[in-house]
1. Treating cross-link reach as a plain straight distance, find the lysines whose alpha-carbon is under 23 Å from the alpha-carbon of Lys221, omitting any fewer than eight places away in the same chain.
2. In µm²/s, what is D for the chain at 20 °C and 1.002 mPa s, where D = kT/(6 pi eta Rh) by Stokes-Einstein and Rh is the Kirkwood radius from Cα pairs?
3. Identify, among Leu60, Ile15, Val117, the residue whose Cα sits farthest towards the positive end of the charge dipole of the range 5-125, taking +1 on the Cβ of Lys and Arg and -1 on the Cβ of Asp and Glu, with the dipole about the Cα centre.
4. Provide Leu60, Leu161, Leu109 in ascending order of the number of other Cβ atoms located within 10 Å of each residue's Cβ, fewest first.
5. Fewest first, what order do Tyr208, Tyr168 take by the number of other Cβ atoms within 10 Å?
6. What nm value, rounded to one decimal, do you get for the distance between Asp88 and Asn199 when each label is placed 7 Å out toward the C-beta?
7. Using label points projected 7 Å from each Cα along Cα→Cβ, tell me how many nm separate Arg120 and Ile192, to one decimal.
8. For a footprinting-style exposure proxy, rank Ser180, Ser106 by other Cβ within 10 Å, fewest first.
Amino acid sequence: MNRQKILIVEDDKDILELMAEFLQAKNYIVDTATNGVECIKKFKESEYDMIILDVMMPNLDGYTTCKIIRNTSNIPIIFLTALTDESDQIKGFELGCDDYITKPFSFNLLVKRVEAVLKRSQNENKNTSLDFEDMSLDLNTYTIKVQDRVVELTLKEFNILKELIEKYPQVITRETLLDSIWGYDYYGDSRIVDAHIKNIRKKIGLPYIKTVKGIGYTLEKLEN
């Protein structure tokens, strides 16, 4: 079995060293960073199975680091922080973390949380594609084929299409798409959804996406 690789990001070097030693003793490969900037650099240069991320760090805090990573990846992220307020934890989950552990913490508990999140992630990754008519979305590589033609979509466009396929034949409101794709902290114009839908339609070249006036969008199968 391949050993899983974890990136730990923590500005307290004593805690960082202890976590690294403990996880290495549990047969994980461990890499470390002491701030968000270093984390982003290492994340772009290497492949990891998980990131354990402190929140309060110099240069780039954990929340911002998570948001940057979530623009391109669904890698499992566990926040590890002294921030214990419910609002802080809610913010972490809204940004896309998979778990949230508050300090002080037990190393044995940390390992159990790591194991649970990695297991859940592996189970989710077993379903590696989503299909609708002549469209096929690869959930590992974030690529899409339409009638065997590779189509270039941005991450947000990909996730909108993924949401529509997963929820088919439901009608998805603009507000639901804003919350799930842009996040609860987005307060801009909902017409940004319409602009992305327009781009998706143009790129896939087939009229699969149907507008439900005054509500939102759904998918529609083509008549033979």
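Readers should treat all values here as calculations from the given coordinates under stated rules, not as data from a laboratory. Predicted model only: the values in this text are computed from it and were never measured. Because the Cβ atoms are built from the backbone with ideal geometry, glycine has one as well, and the counts that use them run over all protein chains shown.
1. Lys145, Lys156, Lys162, Lys167, Lys198, Lys202, Lys203, Lys210, Lys213
2. 111 µm²/s
3. Positive-end residue among those listed: Val117.
4. So the ranking, lowest neighbour count to highest, is Leu109, Leu60, Leu161.
5. Neighbour counts put them in this order, fewest first: Tyr168, Tyr208.
6. Simple spin-label model gives 3.5 nm for this pair.
7. Each label point is offset 7 Å from its Cα along the Cβ direction, giving 2.6 nm.
8. Ser106, Ser180
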